[in-house]
Structure formats: C-alpha cells, structure tokens
Amino acid sequence: MAKQLAFYFDASACAGCKACQVACQDKNNLPFAMRWRRVLQYGGGGWVRDPNDSTLMLPRNIFVYSLSTACYHCENPACVNVCPTGAISKRADGVVLINQDQCIGCRYCEWACPYGAPQFNQAKGVMTKCTFCEDLLAQAQNPACVDACVMRAIEFGELSELRAKYGNFMDLEPLPASWMTKPAAVITPHKHAQVSGKGTGRILNPAEES
C-alpha cells in the first residue's frame, strides 16, 4: 500500500473551542473569512409539552457535537481529477497540494470537493487549502492544528496505522458519504453521532461557513 498521511479526529473528546481553527489561520496568515480548518457544530432534537403541566416544555432527543474538519487529502481526490491545468497534485506521501503558479482560479476544485476544502483567495485569484503544514512536516514537526488542540482530539499519521489503532469510521454527519473520494481520515464518533446521510440534525453555526 502506498504511503498515505491522514488525520485522526476524536469527536467524543472535542470541546468545540476552535483552537485548531485559530491556529491554522494564524500559522498560514489567512484572511478572517478563510478557514482551511473549520469547527462545525451539529445538533438536533426538539421540545414537547410537559404532560403534567401544559405551560412547560421538555427537551426531547436534543443532541449536539462538534466536528473539526479540513482537507482530508483523499485517496481519490475529486479536486485533482477536475483541475484543468494540473495545478493540484497528490504527493508520494498522500498530501494533496495546489501549485498556485499553475492555478487559474477556475474554482472547479471548489465545486467538485464534497468537503468544501478548496477556497478561493479573491485577492490573489487562486485556490487555496490545507497543506497538511508541509513545511512543519519537513522539519519533523506536527501540523499546527494537532499541537493547538487542548483536548488532544486531533492526531496525524500513516492512514493504515491510524485505522489499526482507531478503526475506519468516517461517515459522520454532517460529512458526506466517504465512498465518494475515500478521505484519508479516521473519526472516533461522539456518543450522539449520526451516520452520514441519515442525520436528523443540522449545522448550528452556518454563519461561520459564509
């Protein structure tokens, strides 16, 4: 099996503090609205009237969990497949990168990626995304998001080793089904986690995605 670097995320441990998101923005000097790593909050449930007191409402099946997501450097990356200039490539270690000198800003990769990882830099007219902190990797250091996580909910490593340690679960709402691009990631689900495509909740912080 070819080498494939991957991320591991423990949704059961994540506190939703967004330290990973902030660290990514700071390390890569990103504009405020550009988030290569994003922390989503997903939840659902509702309220019903108290059968003993109609003036009161009781919670019913209410749940919420956080998900730290970024480019998953997929085994079958849709962004690579649609790029008309060959600006996006997958390295021997599995990391998917954008050569901005070749990028023409057509945004095909943005439309093709089911995870919304590629993001358009309006000022430069090119696409950008998570680089797996390739410069830190070259110095045998961890990606910024890994070191920033106060709950140690994010790890990285060889995909086969992460799967051997944590399993191969990846289909967590609100993420799309993993069969589409085979994301290089493993997730330990939250106790209230719902399977991709079968969720009853919604993203609770959509404004942060705009």
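Observations
- Theoretical gain in end-to-end length, residue 104 to residue 82 [0.36 nm per residue, Cα-Cα removed]: 6.6 nm
- Under 19 Å between alpha carbons - lysine pairs in region 41-184 that sit 8 or more apart or on different chains: 4
- Cβ-to-Cβ counts within 10 Å put 129, 3, 191 in ascending order as 191, 3, 129, the fewest first.
- Taking a straight Cα-Cα cut-off under 18 Å and skipping sequence neighbours fewer than 8 places away in the same chain, the aspartates and glutamates within cross-link reach of residue 18 are 10, 26, 147, 155, 208, 209.
- Unpartnered cysteines - no second Cys beta carbon under 4.7 Å - across the chain: 14, 17, 24, 74, 83, 103, 106, 113, 133, 149
- Sum of side-chain charges, residue 27 neighbourhood, beta-carbon under 13 Å (Lys, Arg +1; Asp, Glu -1): -2
- Distance between modelled label sites at residue 52 and residue 92, nm, 7 Å Cα→Cβ extension: 7.0
- Ranking of 26, 171 by neighbouring Cβ atoms within 10 Å, starting from the fewest: 26, 171.
- Counting charges near residue 75 (Lys, Arg +1; Asp, Glu -1) among other residues having Cβ under 14 Å from its Cβ returns a value of +3.
- Computed from phi, the 3J(HN,Hα) profile of region 17-23 under the Karplus parametrisation 6.51, -1.76, 1.60 (θ = phi - 60°) reads 6, 6, 4, 5, 5, 5, 4 Hz, with x in place of Gly and Pro.
- Net charge of the neighbourhood of residue 173, taken over other residues with C-beta under 12 Å away and scored Lys/Arg +1, Asp/Glu -1, is +1.
- Label-to-label distance, residue 202 versus residue 180, with points set 7 angstrom from Cα along the beta-carbon direction: 2.0 nm.
- Neighbour counts of other Cβ atoms within 10 Å put 172, 56 in the fewest-to-most order 56, 172.
- For chymotrypsin sites (Phe, Trp or Tyr not before Pro), the sites in region 129-189 that DSSP calls loop and that have at most 16 other Cβ atoms within 10 Å are 169.
- Stretchable slack from residue 135 to residue 12, in nm (0.36 nm times residue separation minus alpha-carbon distance): 41.3 nm
- A compact globular protein would have a Cα radius of gyration near 2.2 N^0.38 Å; the ratio found for the chain is 1.10.
- Rg of the Cα atoms in region 11-124, relative to 2.2 N^0.38 Å, amounts to 1.51.
A short reminder: the numbers here are calculations on the coordinates, not readings from a lab. Everything numeric in this text was worked out from a predicted model, so none of it was measured. All Cβ positions, even for glycine, are placed from backbone atoms using ideal geometry, and neighbour counts span all protein chains on display.
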